[in-house]
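The numbers here are math on the coordinates, done by the rules we state, and not lab data. Note that this is a predicted model, so its numbers are computed, not measured. Don't worry about glycine lacking a Cβ; one is built from the backbone with ideal geometry, like all the others, and counts go over all protein chains shown.
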Amino acid sequence: MFTPLPPEPAGWSVANRAALNTLMQTLGSSSPGFDVARKPYAVFDWDNTCIMNDTEESLLLFQAETLRFQLTPPEFAEVLRQGVPGGLFHADCTNVDGQRLCMEDLAADIDEAYAWLYAHCDTLGGTQPLAQIRQTAQFVNFRAKFYYLYGALCDSYPMEVGYKWIIYFYKNFSVAGLQALVADSIAHNLAEPLRQAAITSSADQPGRAGQVAPVHFYGMRVHAEMVALMATLRANGFDVYVSTASIDAVVRVFASQHGYDIAADKVLGLQLEIVDGKYTNVYKKDWHFNWGPGKTVGIQNGWASRKGYGPALVCGDSDGDAWMLRDFADTRLGLIVNRLQKGEIGRNSQQAAATLGQPDARFLLQGRDEHTGCFNGSAMTLKYGQAEARLLA
């Protein structure tokens with residue numbers, strides 16, 4: 001018997017609810033041609049698709065806020081520079097005085113702050129409690145400039161640079177230790193109000209790079225509609241997988257909770273080499289970069305080659321997902337959580353907008369309200385800080 005999407009949560013657009021139900025009814029276990037040995041499957045991106053905001057980027061700031069690193073100052077300095085070109089960042093990467101920043105100055109300031117924190121904070125190598133340390137200029141500088149650097153890498157270089165850099169800071173964690181840190185970060189961020197705010201470094205101790213003020217989108221939210229979709233897909237005989245550009249261990253924690261119920265072996269992401277039970281800062285040998293065209297590689301190598309066919313449904317939100325949304329001939333629907341983006345995902349979104357509400361639409365746009373983190377029953381999205389929802393960038 002066919003199981004439709006439940007009426008609650010009610011955030012799906014009418015057209016998307018109908019299209020998803022048609023897909024499950026046509027290919028699922030109630031359909032005449034269903035073969036349990038050739039079950040259809042769906043692949044979901046994770047961050048900003050299954051949830052509001054980004055698990056690993058939130059973890060980066062949480063790690064800095066709580067100073068939960070397993071690195072000595074020399075190790076930290078090595079990881080900080082790993083895979084990062086020297087010289088000036090993108091022209092938009094400036095301090096609060098409008099001066100363009102370079103890697104050497106920013107890294108020197110972060111090194112200095114981390115060495116001081118390592119010597120003084122009890123979460124690292126010192127004796128002073130974190131609550132006291134958080135009032136110091138060294139902590140304020142470290143948090144702001146460390147977080148700024150990640151944004152500068154993503155703005156200045158191919159995404160592979162920043163996305164790999166962020167995971168090298170898990171060096172010396174055990175898998176269980178990292179996942180405990182992730183669980184704490186998830187709990188913290190789910191409780192945080194959704195808001196955008198600047199993280200400002202010290203004006204009194206500007207260092208070589210000067211004062212910076214990167215903006216962070218605080219908080220995360222469960223997309224209840226995605227939880228319901230995954231459960232309904234399974235009820236109709238589909239397998240459900242996650243493909244992420246974060247390290248797989250980080251997403252596995254969230255994907256196993258809050259009703260998503262995704263088993264660890266169904267999450268595919270970035271990977272590091274593990275030696276003696278601990279992560280290293282070495283990217284796994286011969287492992288693809290699971291972003292953009294790499295997500296197609298991951299699906300092909302991980303699932304399609306074994307099954308003999310591609311996914312029936314693919315869900316994503318960004319350029320990192322654009323290729324997997326359109327690369328497989330077997331894919332009936334590509335669902336795009338509408339973040340009003342241009343680029344490669346913008347091409348898919350334009351096609352979705354041109355076929356909005358049509359029964360044979362290949363791509364679907366699902367809107368949300370970024371002030372609440374909830375789907376809004378429309379294809380249009382209300383961006384944070386704005387008053388009117390829009391369909392396209």
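Think of each Lys and Arg Cβ as +1 and each Asp and Glu Cβ as -1; about the Cα centre, that makes the dipole of the range 197-263 roughly 100 debye. The convex hull defined by the C-alpha atoms of the range 36-88 has an orientation-averaged projected area of 7.7 nm². Taken over the alpha carbons of the range 260-312 as equal point scatterers, the Debye sum produces base-10 log I(q)/I(0) values at 0.14 Å⁻¹ of -0.47.
What you get for the chain, charging only the Cβ of Lys and Arg (+1) and of Asp and Glu (-1), is a dipole of about 900 debye around the Cα centre. Taking the charge dipole of the range 55-218 about its Cα centre, with +1 at Lys and Arg Cβ atoms and -1 at Asp and Glu Cβ atoms, the residue from V161, A144, L71 reaching farthest to the positive side is L71.
For the pair A387 and Q132, the difference between a 0.36 nm per residue extended length and the Cα-Cα distance amounts to 87.8 nm.
For the range 112-203, report the % of Cα-Cα distances exceeding 15 Å. Tail of P(r) above 15 Å: 72 percent of Cα pairs.
Within the chain, DSSP assigns beta bridges of which about 45% are antiparallel (rounded to the nearest 5). With the gyration tensor restricted to C-alpha atoms of the range 191-260, the semi-axes of the equivalent ellipsoid amount to 39, 14, 8 Å, longest first. Relative to the dominant Cα principal axis of the chain, helix 175-191 is inclined by about 80°. Remark: C-alpha extents of the range 351-393 on the principal axes read 34, 18, 11 Å, sorted largest to smallest.
Quick one: grab the alpha carbon gyration tensor of the range 55-218, order the square roots of its eigenvalues as a ≥ b ≥ c, and give me rounded if a/c is under 1.5, else prolate or oblate depending on whether a/b is larger than b/c.
rounded
Rounded to whole numbers, the Karplus 3J(HN,Hα) couplings from phi for the range 36-50 are 4, 7, 10, 4, x, 9, 10, 10, 10, 5, 9, 5, 6, 10, 7 Hz, using 6.51 cos²θ - 1.76 cosθ + 1.60 with θ = phi - 60°, and x at Gly and Pro.
Amide H to amide H, with H built 1.01 Å from N, F44 comes under 5 Å of Y241, V242, S243, C315, counting only residues 5 or more places away or on other chains. Once the convex hull of all Cα atoms in the range 286-359 is built, its volume per residue stands at 81 Å³. Which distance in Å, rounded to a whole number, links the C-alpha centroids of the range 221-285 and the range 327-393? If you average the Cα positions of each part, the centres end up 23 Å apart. What Kirkwood hydrodynamic radius do you get for the range 1-106 when you take the inverse of the mean 1/r over all pairs of distinct Cα atoms, in Å? Kirkwood radius, the range 1-106: 19.5 Å. Listing E388, E65 from fewest to most neighbouring C-beta atoms within 10 Å gives E388, E65. Based on a Kirkwood Rh over C-alpha pairs, give the Stokes-Einstein translational diffusion coefficient of the chain at 10 °C and viscosity 1.306 mPa s in µm²/s. Estimated diffusion coefficient is 72 µm²/s.
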